[in-house]
1. Do the conditions hold for THR158, that is, is it closer than 20 Å to SER129 by Cα and free of Cβ contacts under 8 Å to residues at least 40 places away in the same chain?
2. Any residue at all in region 485-500 that is at pLDDT below 90, in contact with a strand residue (DSSP E or B) (Cβ under 6 Å, 6 or more places away or on another chain) and under 30 Å from THR392 (Cβ atoms)?
3. Please indicate, with yes or no, whether at least one residue in region 537-548 is of a type in the set (Phe, Trp, Tyr) and modelled with pLDDT under 95.
4. Report, by residue number, each residue of region 120-159 that is among the aliphatic types (A, V, I, L, M), closer than 25 Å to ALA60 by Cα and assigned to a loop (DSSP other than H, G, I, E, B).
5. Which of (1) closer than 13 Å to ASP80 by Cα; (2) at pLDDT 95 or above; (3) hydroxyl-bearing (Ser, Thr, Tyr) is the odd one out, the single condition THR127 does not satisfy?
6. Do we find a residue being over 17 Å from ALA204 (Cβ atoms), of a type in the set (Asp, Glu) and without any contact (Cβ under 8 Å) to a residue 24 or more places away in the chain anywhere in region 131-149?
7. Please go through region 163-210 and give me each residue that is among the acidic types (Asp, Glu), out of contact with any strand residue (DSSP E or B) (no Cβ under 7 Å at 6 or more places or on another chain) and at pLDDT below 95, ordered by number.
8. Among the residues of region 343-365, count how many are β-branched (Val, Ile, Thr) and either under 16 Å from ALA494 (Cβ atoms) or modelled with pLDDT under 95 (or both).
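The values are calculated or read from the model by the stated rules, or taken from the named source; none is laboratory data. Not measured: the values here are computed from a predicted model. Here Cβ is always computed from backbone atoms with ideal geometry, including for glycine, and neighbour counts include all displayed protein chains.
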Amino acid sequence: MRRLFVLLCALFLTVTAVPASADTPPDPVPGERPPLGITWATGDPYCVYPFTEDVVKAAADQLVRSGLRDAGYEYVMLGDCWQAAQRDAGGRLTARATFPSGVPALVDYVHSRGLKIGFYSGTGAKTCSGQAAGSLDHEDLDAQTFAGWGADYLRYDTCHSVNGDAPARVKKMADAIKRTGRPITLEVDDFDRDQKPWLWGRAAGAQVWRTYKNATFNFGYSTGSLDKQYGLDGYEGPGGWNMPGSFTFSYLDTAERQAKLGLWAVLNAPLVVDMALAADATLPAAEMNNPDIIAVQRDWAGVGGHKVRDTGWTEVWTKPMSDGSAVLVLFNRGELAAPIATSVADAGLPAASGYRVRDLWTGDETVTTGALGGTVGRHAATVLRVWPANATAAPRTSLTVELPDSVPPSQPVTATVEFTNSGSTPITGAHLRLTAPAQWQFDGPAEATTETVEPGDTWKTAVTLRPISTAIQPFKMPATVTYTTTQGARTATASAEAPLMLAPNPPHTSGTLNTEPWISTENGLGPVERDSTDNGHPFTINGKTETRGGLGAHAPSVVRYFLGGKCKQFTVTVGVDDRGPNGTLGFRVLGDGVELEATGNMRHGDAAQRLVVPVTGVQVLALAVDDASDGSAGDWGDWIAPYVSC
């Protein structure tokens with residue numbers, strides 16, 4: 001199957017510069033700006049879902065009722081299976097019987113609601129579902145039909161293209177649309193055939209091209225889609241836009257939704273959101289109707305959004321804005337809250353005595369002299385817009401907590417809390433309050449106060465905690481600082497989180513680590529697997545299947561073992577698993593946080609490398625797989641026969 005779920009039908013909405021009017025004229029220049037949209041339905045490949053005229057009308061009504069139309073969301077697009085399996089006697093496309101009033105009446109209704117309408121077809125004789133008529137050898141007739149109906153958008157799928165002929169087939173439809181004289185935006189959905197439409201879509205006459213799967217149903221899909229956007233910013237601009245795929249709000253929590261909306265806005269990406277196909281389906285209008293986020297997505301200053309920092313679990317993306325400001329997204333794809341460091345330099349902003357900073361999700365405004373970092377929660381993003389200008393606002397602050405990776409059994413741990421004033425005015429009366437994690441207690445007070453934190457200074461406080469139970473527990477310690485500025489009282493919060501657990505006993509004898517209990521694991525996609533990879537597949541490196549045991553990981557990944565200073569040497573064979581044909585990654589071995597050995601970047605097809613690493617005195621051994629800073633899609637890494645000599 002082309003994917004787990006095939007889009008049966010969709011209601012797709014796109015933003016324009018001004019609210020839609022009742023007569024809803026088509027865009028004079030198709031694709032001048034990227035669509036902002038929502039897909040109303042997903043289904044199966046057999047066109048059995050009850051896609052009806054009433055459902056389409058209800059969707060249009062809800063867009064009006066929710067206020068999203070007035071925010072600029074304007075397209076209602078019908079996906080695969082709106083059309084009948086066979087053409088009419090004149091060879092024209094026709095709607096299914098579930099549209100009793102006919103397509104012209106439906107178009108008139110959608111237009112009367114101040115919205116625009118799009119349709120779906122494909123380059124083959126059948127669409128992707130195989131259950132509806134496609135446009136092969138009917139391009140001129142179908143283009144005339146769409147234009148005659150008053151269509152504003154056409155999503156054109158290349159499911160049944162062969163021998164790399166998708167560009168020619170798309171161009172044939174684009175030319176046919178142009179001959180109608182109606183400005184219809186043309187989207188190419190070709191990602192699943194891996195013909196890289198960003199390379200040829202604009203030349204073929206398209207204004208939008210997919211760069212990832214049609215729907216990203218969960219957070220893992222979202223990060224996979226983001227990874228595919230690395231290096232594609234040079235292919236987009238007015239008249240042609242990368243489309244990283246749609247996504248489903250239903251499968252994302254609030255933090256994940258906001259992270260993805262912020263990232264897609266910085267990428268100038270069409271925002272296509274899958275929803276359940278039902279008249280009573282509801283939209284998260286409060287999140288979708290964020291004018292700050294919409295403004296970022298609609299703005300073009302000559303450069304697309306691009307990544308400037310990547311530590312594996314955390315990333316920073318940025319985009320210049322046409323008014324001289326810049327947007328930064330501090331993104332944490334990891335399972336634990338993490339500090340992310342960045343500054344105005346990463347955004348390419350000019351030197352200034354101060355910078356106005358606006359958090360686009362909270363609306364909070366502060367002033368900084370340059371630093372912009374802070375703690376970001378799991379699966380979350382902080383979206384900042386920064387102007388090189390002083391403003392009357394409170395100083396920007398950051399609150400972070402430094403923790404070790406792990407501790408031996410029954411031993412205390414020290415955490416260092418840092419509260420930084422990045423603004424240009426002093427902070428007074430800062431009061432820190434900490435909450436002990438479950439199964440831990442403070443070895444001393446859990447609160448501290450300082451009179452003043454001057455501009456550019458950091459207030460550091462060290463606290464010690466002791467375990468009160470031998471049960472293995474994740475370590476999460478909420479931290480809060482209340483303080484006073486020239487603009488009034490404020491509060492900073494953070495959650496200090498780490499894969500910090502009471503370590504298991506160290507190995508008593510030499511042996512393979514894939515059979516030993518680990519302290520903790522983090523993995524980019526799914527769990528770390530013992531003796532297999534990617535959901536049970538055997539290890540295969542450069543065409544050779546490995547029968548020895550090991551650990552299957554996906555970048556970014558870390559597996560931690562407690563050696564307790566008992567072992568002398570670690571040996572392992574590493575390589576890029578053939579499950580990822582485009583994988584590029586690197587392996588690192590760390591002892592107590594210090595890098596002991598590294599492979600450098602490895603690619604799919606490279607020969608496996610054998611590592612021999614001295615580990616005398618090492619308490620905690622960490623096995624890390626990094627994504628080579630080019631995104632982690634397909635980055636499956638194998639640790640074959642990981643062996644410690646003790």
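1. yes
2. So far as region 485-500 goes, yes, one or more of its residues are at pLDDT below 90, in contact with a strand residue (DSSP E or B) (Cβ under 6 Å, 6 or more places away or on another chain) and under 30 Å from THR392 (Cβ atoms).
3. Here is the first cut: in region 537-548, the residues of a type in the set (Phe, Trp, Tyr) are 539.
Those still in the list that are modelled with pLDDT under 95 too: none.
Checked region 537-548: no residue is of a type in the set (Phe, Trp, Tyr) and modelled with pLDDT under 95.
4. ALA132, ALA151
5. So the condition that THR127 fails would be (2).
6. Yes: region 131-149 contains one or more residues that are over 17 Å from ALA204 (Cβ atoms), of a type in the set (Asp, Glu) and without any contact (Cβ under 8 Å) to a residue 24 or more places away in the chain.
7. ASP165, ASP192, ASP194
8. Summing the residues that are β-branched (Val, Ile, Thr) and either under 16 Å from ALA494 (Cβ atoms) or modelled with pLDDT under 95 (or both) in region 343-365 gives 1.
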